[in-house]
Structures are given as structure tokens and as C-alpha cells.
Amino acid sequence: MWYFLKNGAKTIFNKTQEDILSAAFIIGASVVAAKLLSLVRYRLLAAYFGNQLPLLDGYFAATTLIDSVFNTFIFGSIALAFIPVFSKYLEKEKVKQAWALASTMITIGFIFFVFFAIVFLFFSNQVAALIAPGLVGKYPLTQAKISRLLQIMVLSQSLLVISIFISGVLNSFKRFVIPALASIFYNVGIIISIIFLSPVFGIYSAAIGMIFGAALHLIVQLPLILSMNFKFRFNLNLKNTDVREVLTLMWPRSITIGLTQLSSVINVILASISTLGSIVALNFAQVLQIAPTSLFAASLAQAAFVFLSIDANTQKSEKFKNLFIESFHQILFLVLPTAAILAVLRVPVVRLVFGAKDLPWETTVLAARTLLAFSVGITAASLELLLIRAFHALRDSYTPVKITVFSTALNIILAFIFVFVFKFSIIYLALASSIDSLLAAGLMLYFLNRKVGGFDKKKLFLPSIKIVLISLATAFALYVPMKLLDQLVFDTTRVVGLIILTAIASTVGLGVYIFLSWIFGVEQLVIFTKFAKRVWTFPSRLKTPEPESISA
């Protein structure tokens, strides 16, 4: 047992992942844990502050803005702009130049966010009024609360900048375990703060937890990056051609993400004008909507991106196209049935995850209906992550920007029409978002097909059509037992009855999905079955771990 713990842990943490599924599994497993902890965090917020909806609305308004800024300038754009340039050095075994590039980019990112934090410290009160005008107008005391939350949260993001760059470096070396664990510890920090600090600091405990979580995110990754002989040097060499290349690749992606995040911020502004609790309901629905995207699509797309970048750098076009198609189908196979479960079982899922007794029933129902509207575009949003990375692997960061500008503009226009012209609820904000995702994914696939000289249409679309039809059958298989059990068997006003109903309906639906996939010969079922066997037998292979260099 001790040998397994000692050598197994060392092997797992230092081992490189040499294929997409193994890398995606590591990322996906950590995402499962991180998302479960994230749901615990939201459940705690609902339990502790569900009877204070203006306060909870204000908290989610603040987090939406801070997360939007961070995602725009650091989280998404850094990975897609930094990894292709950084991995170029690894292919040529020029590790010293790679470390110099990493130091420079960490310096630039940290300086930028420190400047941003200083601006927020002075103007947070004005920003609070802009991000939630309806809420501040109805409940003026929330402005000061949102302002203070913004000031605390922005400090955590300045620390997280360094850690995200280190994650990019480790991913470039095909080491996904430690960066994956870091996201788990980030949520742990927030949960601990809510539990132990909320009696003293109230809603501010969650914001303080973001600082604690960011510190844990960094500390977890330091031992591995230092063991690889990385030594940070404060460096602001903007004349370096590789730094310029990263920044050149980065700004189009920042615009792409920024437009998407702008849509999220506008949705919060519009929700603040609607009924009390609309920001909470919108946020809860988004958390559940993002879950399958983060779990399956982001994991596969992030893992595939490293391999797609290598194939693009070595000009292996056919291998690039085959790799993209495989990843495309794997995302479809995993995300579509999950989207069906969320759409059909929306009310039980929202109640189980967020249904604290102090949270008003009206807010729970609104969140469930909003989730249904979001579920229409979950698969498209998931594929979009892979499509964007495919363009960036080909060093084309402009096409996704053009498409995103068009689709996001339509999203924003529809959102304003739904709220101000037709006076619809936030459900239609989610519908506008789904339309945006469907349009963007369709256009990106069309232009990527042209860029790579054309995919094999039969190879791309025939398995896709199979998966879509099987998923529709799965949705029907979910709906029937849910209705029958809800009306005739279980008392779903009780948590136990709700859990049993959700478990039985989900099991029936997934059983139908797997059975039909087997009947119609869906290749992804075989692939994931074989991979599951590899995962199951992995502990036995740790007994005799192979020696492995940690160098590039």
C-alpha cells in the first residue's frame, strides 16, 4: 500500500499524457471534482443568503463582471495564444528560451492586472451602479455592498494571473494532473471561507475565499514547475519577437471572449431590471448549462489543442483533420445526452442542486425554465470551444473574431428586443444566447472546412446525425418515466423522492442512449469503453512505473 501511494503518486503527478483521451480524462476528472465543489459553493450561498435576494443578486453581479474581465484578458486568450508559441520551443528543445518567454508573459499579465485592480479600487462604486442599475435603483444599499465585493474580488484575480500562466506551461509539457488539481483547490478555498467566515463577514466571506482559493491554486503548482528548473525572472522585453507573436495572437482571442463576456454582463444588467432574484436564477441556470461544456467539451478541446498545435506546426494536414473530426464526435457523444438530461429533468436538477429552504420557490422555477432555454445551445457552445482552438492551432485568430462579432451582436440585439420591446423574462435572454451559440458554431465549422481544404463530409456528418437522433430518443426515454414516477409513485416534495426519481429517469435515459449507440454502431461508444478499461487497470501499472525524464 505504501509503495503504491509513494510511487503511484509520483508517477501520476510527473507523468505526461501522450494522447488526447488520457489528457482529457485527467482534465475531465478534475473538472468533475471542481464542478461538484462549485455546486457545493452555490448551494452554500443559497442556504446562507437565499433569504437575502438583493444581497445575493449583488454578489452574482459582481462575480460576473470580475470573471468576464479575467476571462477576456487572461484565462481564455492566454491559453490559445501562449501555448502554440511556447510549444514551438519544446519541439526544438530550446527550453531556456521557453522559460524566458514564460517569465515575460507572467510579468506582462501581472502588471496589467495590478493596474486594473488599482482602477477598480477607486471606481468600484460607479461600476456597481453600472453593472446592476435596476437592483441599485430598487435597493440603494446594495451599491456599497457590490462596490466592496468588487474591490476584494479583483485582488484575487491579480494572484490568479500568475497561476494560470503556470498551468499553460505545464499543459505545454503535456502535464495535466497538477493544473487540473489546482482548480479543485480554488473552489476548496472559497467553500472553507463561506463556512467559517460568513458568520463574521457575511457575503464578503465568498469574495475573501476567492483570494484564499487563488493562493491555493498557485501553491499547488509551484513544486512541479520548480522541479522542471523554471526560474521566474522579472522581464518586460516587449521587443522579443515571440512575445509580440503571443500578443498578436492574443488580442483577437481577447476580443472574441470579450464579446461573449459582454453578452453575459449585459444579461446581468437586463436581469437586474427584471424581477428580484432574476440575477440569481440566471446565474444558477448558467452554472448548470456550463457543467457539461466544462466537463466534456472544455476537457477534450483543451487536450486536443496541444496535439492540434503540434500537427499544425509540423504541417500534418490529414492528421490534423482526422484529429479534429474525432474530437468533434467525442464532444457530441458526451454532451448531447447530458443536454437532454438537463432539458427534461430541469426542475428536479435545479431543486436538488440549489433548492435550499430559504431560496424562494419562484426563483427555483425561473432558474429551471431558464435552464431549458440554455439547453438548446449547450452542444453548439461545446463544439465552439473545439472550433476556436482549431483555428488558433492553425495560427488564425481573426476568423473566430469576425464570426463572434456577428453572432454576439445578434445576441445582444435579441436580448434588448426581448426585454424592452416584448417585456419578456430572463428566459428569453437564455434563448438569445442559445441562438448565438448555434449560429457561431455553424459559421465556424463552415469556414474551418474551407480553410483546411475540406473535411470528408461522410466521415464528419454521418456519425453526427446518428448521435443526434439517438439523443432525441434518449430525451423521450427520460421524459416518460419522469412524468409517470412524478405523478404516480414518488412524493417529489421530499428530497428522497426527488433523488430517486432523478436517478431512475437518468438511468433509463442513459441506458437507452448506450443501447441505441451499440445497435447503430456508434464508434465513440467503443472508444470510450476501451478507454474506461485502461482507466480501470491503471492502478496495476503503477506497481512498476517506468523511469521518465521531466525535461521537454
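Every number here is computed from the coordinates shown, using simple stated rules; none is lab data. This one's a predicted model, so the numbers in the text were calculated from it and none came from an experiment. Neighbour counts run over all protein chains shown; Cβ positions are idealised from the backbone, glycine included.
Okay, here's what the table says:
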{"quantity": "Sequence-distant residues sharing a close amide H with residue 424 (under 5 Å, placed H)", "calculated": "419"}
{"quantity": "Sparse-neighbourhood loop sites, trypsin sites (Lys or Arg not before Pro) in region 405-458 - DSSP loop, at most 16 other Cβ within 10 angstrom", "calculated": "423"}
{"quantity": "Residues 370, 293 arranged by fewest to most Cβ contacts within 10 Å", "calculated": "293, 370"}
{"quantity": "Which of 371, 151, 272, positive extreme of dipole for the chain (C-beta unit charges)", "calculated": "151"}
{"quantity": "Förster radius 22 Å - calculated FRET efficiency between residue 94 and residue 322 (Cβ-Cβ, nearest 0.05)", "calculated": "0.15"}
{"quantity": "Simple label model, 7 Å out from Cα along Cβ direction - residue 410 to residue 352, nm", "calculated": "3.5"}
{"quantity": "Sorted by Cβ density within 10 Å, fewest first, the residues 518, 361, 251", "calculated": "361, 518, 251"}
{"quantity": "Coarse-grained scattering of region 18-247 at q = 0.07 Å⁻¹, given as base-10 log I(q)/I(0) from a Debye sum over alpha-carbon atoms", "calculated": "-0.25"}
{"quantity": "Relative contact order (percent, whole number), region 18-247, Cα cutoff 8 Å, 6+ residue spacing", "calculated": "30"}
{"quantity": "³J(HN,Hα), Karplus 6.51/-1.76/1.60, whole Hz, each residue of region 521-530, x for Gly, Pro", "calculated": "x, 6, 4, 5, 4, 5, 4, 6, 5, 5"}
{"quantity": "Phi to ³J(HN,Hα) by Karplus 6.51 cos²θ - 1.76 cosθ + 1.60 over region 368-381, Hz, x for Gly, Pro", "calculated": "5, 5, 5, 4, 4, 5, 5, 5, 4, x, 4, 5, 5, 5"}
{"quantity": "Listed residue pairs exceeding 27 Å between alpha carbons, taken from 466/533; 357/483; 457/533", "calculated": "457/533"}
{"quantity": "Shape call, the chain: gyration tensor on alpha carbons, a/c limit 1.5", "calculated": "rounded"}
{"quantity": "Amide proton proximity set for residue 173, modelled H, under 5 Å, gap of 5+", "calculated": "none"}
{"quantity": "Derived scalar couplings ³J(HN,Hα) [region 408-416; Karplus, 6.51 cos²θ - 1.76 cosθ + 1.60; whole Hz; x for Gly, Pro]", "calculated": "5, 4, 4, 4, 5, 4, 4, 4, 5"}
{"quantity": "Between region 120-171 and region 498-535, the alpha-carbon center distance in angstrom", "calculated": "41"}
{"quantity": "Ranking of 56, 155 by count of other Cβ atoms within 10 Å, fewest first", "calculated": "155, 56"}
